[in-house]
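S.K.: Before I ask anything, let me first share the structure, which is written out below as structure tokens.
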Amino acid sequence: MDHDAILAGDVRAAVRRVPPSDGGRAAWYRGWMIAGDAYTRFATELAARGIWLGTTAAAYRSAHELPGWYTVFADLTPASVWMPWVAGRTPTGADVGTLVAALGGGPGVVKDYVKSRKHEWDEACFVPDLSDVGAATGVVARMVELQGDDLAGGIVVRAFEQFVADDDGRALEARVWWLAGAPVLVTPHPDAPAGTTVEVSAEALDAVGACVRTLGAPFVTTDLALRSDGVWRVIEVGDGQVSDLPAGQEPGVLVGALAAAGRSLGLAVDQG
Ligand SMILES: Nc1ncnc2c1ncn2[C@@H]1O[C@H](COP(=O)(O)OP(=O)(O)OP(=O)(O)O)[C@@H](O)[C@H]1O
Ligand SMILES: [Mg+2]
């Protein structure tokens, strides 16, 4: 599919090279992130060609956007609040004060429903003390400004937790890839330096897996980090179709698992 055409709003052009199927066929998407609304149009257009995405539009949203997965993972992830927000509108102190009140004070992290400005950490991501509403508003407003038209869904503020970090101060994150509720691959986060290895405890995988199965989306990733008190935490959930695989990771394991899961989905579609 042509991702540029999706971004330009022409979903028909985007899928014109996908072979239609008379009998109905299941398919996975693997590629760049797509906004929730655009994914819905993409799935609808494919369905009109007899192609059924393994991940429905509702399932995509539930894994891709924080408000979709947060409640299911609430015990395993930093406390978070959010509000829908229109791209380009500058939030006021009243907007931000109301939003963060439920988190109390202490440090916080700001992002939209999908992405942060983690590379502009002090300016547009990290708030040293959420009870300083003026400072929090500055960081939130800068995040909104920098996301520009790409602001996804709205504003999220999360309680900051201290994670075990590498020498550069980056939280060491393990990305677990789940297919039909089972972990099929564990990789480092794609931003980790080449050669980074990660290991996740079996207990953590069990706890996260139970939430993944409750969420129900068939192909998801979970980014896990070890909190400084030794507890594994979920930093974020993502839709596996649009999650990055580290550059050095051999793709065969994942592609093989997707093919196998796709075959069983294909059968389900054929049987109506
Ligand atoms: N609640 C938190 N407490 C402490 N650190 C956090 C918290 N949330 C995020 N971080 C840090 O900020 C980074 C970016 O956060 P997050 O992964 O949610 O954003 P992102 O932009 O979606 O990143 P990416 O998609 O590249 O993984 C994380 O990798 C982690 O190091
Ligand atoms: Mg992340």
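FYI, it's all coordinate maths here, none of it is from the lab. Everything numeric here is computed off the predicted structure, so don't read it as measured data. When we count neighbours, we look across all protein chains shown, and the Cβ atoms used for this are built from the backbone with ideal geometry, even at glycine.
S.K.: Could you list all residues from region 78-92 that are within 12 Å of Val156 (Cβ to Cβ) and of a type in the set (Gly, Ala, Ser)? I'd like the intermediate steps shown before the answer.
M.R.: Keep residues of region 78-92 that are within 12 Å of Val156 (Cβ to Cβ), which gives 78-85.
Correct list: Ala79, Ser80.
S.K.: Looking at this structure, is Arg233 within 10 Å of ligand 1 (Cβ to nearest atom), in contact with a helix residue (DSSP H, G or I) (Cβ under 7 Å, 6 or more places away or on another chain) and either acidic (Asp, Glu) or not in a loop (DSSP other than H, G, I, E, B) (or both)?
M.R.: On the way: within 10 Å of ligand 1 (Cβ to nearest atom): yes; in contact with a helix residue (DSSP H, G or I) (Cβ under 7 Å, 6 or more places away or on another chain): yes; either acidic (Asp, Glu) or not in a loop (DSSP other than H, G, I, E, B) (or both): yes.
Yes.
S.K.: Still on this structure: Among the candidates Ala5, Ala57, single out the residue that is hydrophobic (A, V, I, L, M, F, W, C), in contact with a helix residue (DSSP H, G or I) (Cβ under 7 Å, 6 or more places away or on another chain) and more than 24 Å from Leu254 (Cα to Cα). Before you say what the answer is, go through the steps one by one.
M.R.: Details: Ala57 fails: more than 24 Å from Leu254 (Cα to Cα).
Exactly one of Ala5, Ala57 is hydrophobic (A, V, I, L, M, F, W, C), in contact with a helix residue (DSSP H, G or I) (Cβ under 7 Å, 6 or more places away or on another chain) and more than 24 Å from Leu254 (Cα to Cα), namely Ala5.
S.K.: Take Phe73 and decide whether it is closer than 22 Å to Val220 by Cβ and either within 16 Å of ligand 2 (Cβ to nearest atom) or touching a helix residue (DSSP H, G or I) at 6+ places or on another chain (Cβ under 8 Å) (or both). Lay out the reasoning, then the answer.
M.R.: Working: closer than 22 Å to Val220 by Cβ: yes; either within 16 Å of ligand 2 (Cβ to nearest atom) or touching a helix residue (DSSP H, G or I) at 6+ places or on another chain (Cβ under 8 Å) (or both): yes.
In short, yes.
S.K.: Related question: Consider Ala14 against the criteria (1) in contact (Cβ under 8 Å) with a residue 12 or more places away in the chain; (2) under 21 Å from Phe219 (Cα atoms); (3) out of contact with any strand residue (DSSP E or B) (no Cβ under 7 Å at 6 or more places or on another chain); (4) not polar (S, T, N, Q): it satisfies all of them except one. Which criterion is unmet?
M.R.: Condition (2) is where Ala14 drops out.
S.K.: Right, next: Evaluate the following for Asp223: is it without any contact (Cβ under 8 Å) to a residue 60 or more places away in the chain, out of contact with any Pro (no Cβ under 8 Å at 6 or more places or on another chain), within 13 Å of ligand 1 (Cβ to nearest atom) and assigned to a loop (DSSP other than H, G, I, E, B)?
M.R.: Details: without any contact (Cβ under 8 Å) to a residue 60 or more places away in the chain: yes; out of contact with any Pro (no Cβ under 8 Å at 6 or more places or on another chain): yes; within 13 Å of ligand 1 (Cβ to nearest atom): yes; assigned to a loop (DSSP other than H, G, I, E, B): no.
No: the conditions fail for Asp223.
S.K.: Going by the conditions given, is Ile51 aliphatic (A, V, I, L, M) and more than 30 Å from Ala136 (Cα to Cα)?
M.R.: yes
S.K.: Do you know which residues across region 159-217 are within 13 Å of ligand 1 (Cβ to nearest atom), outside any loop (DSSP other than H, G, I, E, B) and in contact (Cβ under 8 Å) with a residue 60 or more places away in the chain?
M.R.: Ala159, Phe163, Ala171, Glu173, Arg175, Thr187, listed by residue number.
S.K.: Ok, one more. Across region 194-206, what is the total count of residues that are surrounded by fewer than 16 Cβ atoms within 10 Å (Cβ to Cβ) and of a type in the set (A, V, I, L, M)?
M.R.: Qualifying residue count for the region: 2.
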